[in-house]
Each structure stands twice: as C-alpha cells, then as structure tokens.
Amino acid sequence: TTNDAYQNLRFGTYQLRQDGELIEQGIFYDYRALSEAEISKIRGYANSRDLTVMSLEYFVRDVLIKKGYELRASIAGFNLPFDISRIAALYNSARGRAMKGGFTFHLLDDPYSPYVQVKHLSARAALMQFALPKGNQETRSQRHKGQRNAERRGNFIDLKTIAAALFSRSFSLATLANFLKTPNRKAVTEDHGKRLTHAYLDYAMQDTRVTWECYEALQ
C-alpha cells in the first residue's frame, strides 16, 4: 500500500492451491496508484518468473469472486479484514442483526456483484462473510416452486485470529512464522510506498509464501 494515512492499494500477491498443491501464483495491481513504468516493471517481473499478472478488477472478478464466492474456495490470509478493505471499490455500514456495527465492502463498483461484510469483535477477531448481491438468485422455475438457493457466506480464514485462539497471544506475520518455525520467514524491507523494485516484489511474493506455510502449520 501507499505509506501515507490513506494506505491505498498499489499491488498484491496471491496463490491458488488445490488440495495443498500450488496451481497458480501471481500479482495484481491498481493502475490508479502506479505509474506506467511501475506497471511495466511488474509485468516484466511476472514474465521473468512465470507468474500470472492482472489488474485489481480482474483479480477480484476472476480469483476472489469466481473462486472464493462461486466455487466456495477458502480465502486465507493474515489480517484479512485489512486486506479486504484495501481491495474494495466502495464501503458502507453493514446491515443485518449479526453484522450491525460492521462494514460492507463492495469488491466491485457493481450493485449486482457479491460484497463482503466485516465486523470486528476485538483486536484479534472479526466476523467475515459474503453477502448476497442485489437481484434474484433463483431461476424463474425455482421462484415458481418457492425454492431458494443456499446462501454463500464464504470460507474466510484469518491466520491472525486462529493463531491468537490457539496460543492465547498476538502475532505479526513475522513473529508467527518464527514461532511456528516455517521453512521460509518474512523478509525485512524499508521500501514500503517507495519506487518499485524487483527486490520489493520478491519481498511481497515471500509474504504470500510464508502466509501459506503458517496456514499449513496451524492446520
């Protein structure tokens, strides 16, 4: 993210896994926060390492919604509420008895696409779920028969919350990786918000790798 008070998204890294096996990894970026030269650098970096590269909107549509919402894949991360808030296109107050007092994050500027509700319970824990988009989710035949499709609330797995629940203490990603003795550890950098370099992109890819290894260890 940018290193000012807004902390706007610049780019992100991700992995897709099936039964634990890595099937895709890549980088997505927000063109509004980057120069053409920086976007070109990201694309060159991705091509040199056989990574998938895409815009933020494409990532939200093709990965987060298609895999996480439509195919119901688990969405794992460290401090997920922050990540979701950075990815979101719009936000508002959450509705509903369970999520009252929380936030609604519209992943796309589209009233018919799924959105995510987040409600903080404490510094360590938050409720997270997909909410139904506008419009009928059932076919005409289903509506005629009075049938309703099951709501897809998503499978959000926040490692920060799980680690705190298991070990009764707070962790950063770095301290959690050290505590769990993962094969890789979080790298150190002072380049947040500065000009993009291959070294900083390596740092970001390492974060995702370490997050997965923490997830495996916590399982």
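What the table below lists for this structure:
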quantity: Spin-label zone in region 197-219 - amide nitrogen under 18 Å from a point set 7 Å from the Cα of ASN155 along the C-beta vector; calculated: 212-219
quantity: Contact order normalised by residue count of region 20-135, Cα under 8 Å, 6+ apart, percent; calculated: 15 percent
quantity: Contact order relative to length of the chain, as percent, for alpha carbon pairs under 8 angstrom and 6 or more apart; calculated: 17 percent
quantity: Kirkwood hydrodynamic radius over Cα pairs of region 1-83, then Stokes diffusion coefficient at 25 °C and 0.890 mPa s, in µm²/s; calculated: 177 µm²/s
quantity: Nearest-10 value in Å² for the accessible area of PHE167, using the 1.4 Å probe; calculated: 80 Å²
quantity: Protein-only accessible surface order, largest first, of LEU121, LEU56 at 1.4 Å; calculated: LEU121, LEU56
quantity: Spatially near lysine pairs across the chain, Cα under 18 Å, sequence gap of 8 or more or different chains; calculated: 6
quantity: Residue with peak Gaussian network fluctuation, the chain [Cα springs, cutoff 10 Å], from ARG185, ARG124, ARG49; calculated: ARG49
quantity: Derived scalar couplings ³J(HN,Hα) [region 174-182; Karplus, 6.51 cos²θ - 1.76 cosθ + 1.60; whole Hz; x for Gly, Pro]; calculated: 5, 5, 5, 4, 5, 5, 8, 6, 5
quantity: Whole-number accessible area per residue in Å² for the chain, which is evaluated in the context of all protein chains at 1.4 Å; calculated: 59 Å²
quantity: Expected 222 nm ellipticity per residue - DSSP helices of 4 or more, -39500 (n - 2.57), all of the chain, to 500; calculated: -9000 deg cm²/dmol
quantity: Fraction of accessible area attributable to carbon and sulfur, the chain (%, probe 1.4 Å); calculated: 47 percent
quantity: Cα long-axis angle, helix 36-48 against the chain (0 to 90 degrees, to the nearest 10); calculated: 80 degrees
quantity: ³J(HN,Hα) computed for each position of region 18-34 - Karplus, 6.51 cos²θ - 1.76 cosθ + 1.60, integer Hz, glycine/proline x; calculated: 10, 6, x, 8, 6, 10, 6, 9, x, 10, 10, 9, 9, 4, 6, 9, 10
quantity: Listed residues THR104, GLY77, ILE65: farthest to the positive end of the dipole of the chain (Cβ charges); calculated: THR104
quantity: Fraction of antiparallel bridges per DSSP, the chain only, in percent to nearest 5; calculated: 75 percent
quantity: Identified option (computed Cα Rg over 2.2 N^0.38 Å; candidates (i) 0.99; (ii) 1.07; (iii) 1.03); calculated: (ii)
quantity: Exposure of HIS120 as accessible area (Å², to 10), given a probe of 1.4 Å and all protein chains; calculated: 110 Å²
quantity: Rg followed by Dmax, in Å, when region 179-219 is reduced to its Cα trace; calculated: 11.7, 37
quantity: Order of exposure, largest accessible area first, which applies to SER170, SER113 with probe 1.4 Å; calculated: SER170, SER113
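The values are calculated or read from the model by the stated rules, or taken from the named source; none is laboratory data. Because the structure is a prediction, the values reported are computed rather than measured. Cβ: placed from backbone, ideal geometry, glycine included. Neighbour counts: every protein chain shown. Note: accessible area is taken over every heavy atom of the protein model, side chains too, but ligands, DNA and RNA are not part of it. Shrake-Rupley method; radii C 1.70, N 1.55, O 1.52, S 1.80 Å.
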